[in-house]
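Right, one structure below, let's go through it.
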Amino acid sequence: MKSRSRAPTHPGVILRKIIEETDGLTQDKLAHEIGASLQTVNLIVNGKRAVTASVALRLAKRFDMTPQFWLNMQNAVDLHAASLEPAAS
């Protein structure tokens, strides 16, 4: 029997929290700062788009973090989703 564990946290949840807790930072301002579209940032924040390696590099630089932080979170989400697919059973 497959155990059902809680889905990993999408990196967008963390990004949303960082934006909310950083004075003066908005999704629009962040998009401009990292050279991404507002739509891209918004989709990530809402868990509807994956964090790519390129975006991970830019977020890491902006927030003085490692790109691996963002990619590891995204990888956990992707692996969890793949494990739920019928072929993975």
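Since every read-out is calculated from the coordinates, none of them should be taken as a lab result. Predicted model only: the values in this text are computed from it and were never measured. Note that we place each Cβ from the backbone using ideal geometry, even for glycine, and neighbour counts take in every protein chain shown.
Key figures
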{"quantity": "Check on Asp28, acidic (Asp, Glu), in a helix (DSSP H, G or I) and either in contact (Cβ under 8 Å) with a residue 24 or more places away in the chain or surrounded by fewer than 13 Cβ atoms within 10 Å (Cβ to Cβ) (or both)", "calculated": "yes"}
{"quantity": "Matching residues in region 1-58 - criterion: being closer than 25 Å to Leu84 by Cα and β-branched (Val, Ile, Thr)", "calculated": "Thr9, Val13, Ile14, Ile44, Val45, Val51, Thr52"}
{"quantity": "Ala56 in contact with a helix residue (DSSP H, G or I) (Cβ under 6 Å, 6 or more places away or on another chain), at negative phi and exposed (fewer than 14 other Cβ atoms within 10 Å of the Cβ)", "calculated": "no"}
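So that you can scan it fast, the table gives a plain yes or no per residue for (1) in a loop (DSSP other than H, G, I, E, B); (2) among the acidic types (Asp, Glu):
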site	(1), (2)
Ile18	no, no
Asp23	yes, yes
Glu33	no, yes
Thr40	no, no
Ile44	no, no
Ala50	yes, no
Ser54	no, no
Leu59	no, no
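This table checks each residue for (1) among the small types (Gly, Ala, Ser); (2) within 11 Å of the chain's Cα centre (by Cα).
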residue: Asp28; (1), (2): no, no
residue: Gly47; (1), (2): yes, yes
residue: Val55; (1), (2): no, yes
residue: Val77; (1), (2): no, yes
residue: Leu84; (1), (2): no, no
